[in-house]
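Where a number appears in this text, it was derived from the coordinates with a stated rule and is not lab data. Just so it is clear, the model here is predicted, and its values are computed rather than measured. No Cβ is skipped: glycine too gets one built from the backbone with ideal geometry, and neighbour counts run over all protein chains shown.
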Ligand SMILES: [Zn+2]
Ligand SMILES: [Zn+2]
Ligand SMILES: [Zn+2]
């Protein structure tokens, strides 16, 4: 919980019980999670409040969203350098075709792309599809 409060403080997000609850879950699980997983983990919590909390976390540089297969956005913890204005999440993501789990590949950087004149890059995403280590056997 101390770590959670520190992150909220660092990103200048007011502490509420729901924010503490969800952030602690992300820190503990260290996983990429969508709203449906959070609903399962906290069946008594209000869905709309959870959704809003995710949005706030995304705006404040606590979580980054990942578009995988399906319509639901997934979220993962940002590194400490992310701010509300600038997220530095230039790592690829990996989605397992068997278990559908999405993983941040933090050890790699998406290479800078050379764009034609007049094109301004705002955002870059890379999704690698394959089989995760847990599904190999
Ligand atoms: Zn970020
Ligand atoms: Zn898998
Ligand atoms: Zn990521």
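Using a simple spin-label model with pseudo-atoms 7 Å out from Cα toward Cβ, residue 127 and residue 10 lie 2.8 nm apart. Does the range 23-75 classify as rounded, prolate or oblate by the C-alpha gyration tensor (a ≥ b ≥ c root eigenvalues; a/c under 1.5 gives rounded; else a/b over b/c gives prolate, otherwise oblate)? Rounded. Centre-to-centre, using Cα atoms only, the range 1-31 and the range 32-72 are separated by 13 Å.
Over the range 2-135, what is the percentage of antiparallel beta bridges among all DSSP beta bridges, to the nearest 5? Intermediate values should be presented prior to the final figure.
On the way: 10 of 14 bridges.
The answer is about 70 percent antiparallel.
Summed over all non-identical Cα pairs, the Kirkwood treatment of the chain gives a radius of 16.1 Å. Suppose R0 equals 22 Å. What FRET efficiency, 1/(1 + (r/R0)^6) with r the Cβ-Cβ distance, do residue 85 and residue 3 give to the nearest 0.05? My answer for the efficiency is 0.40. With the cut-off at 1.5 for a/c, could you classify the range 54-124 from its C-alpha gyration tensor as rounded, prolate or oblate? Judged from the Cα gyration tensor, the range 54-124 comes out oblate (a/c at least 1.5, b/c at or above a/b).
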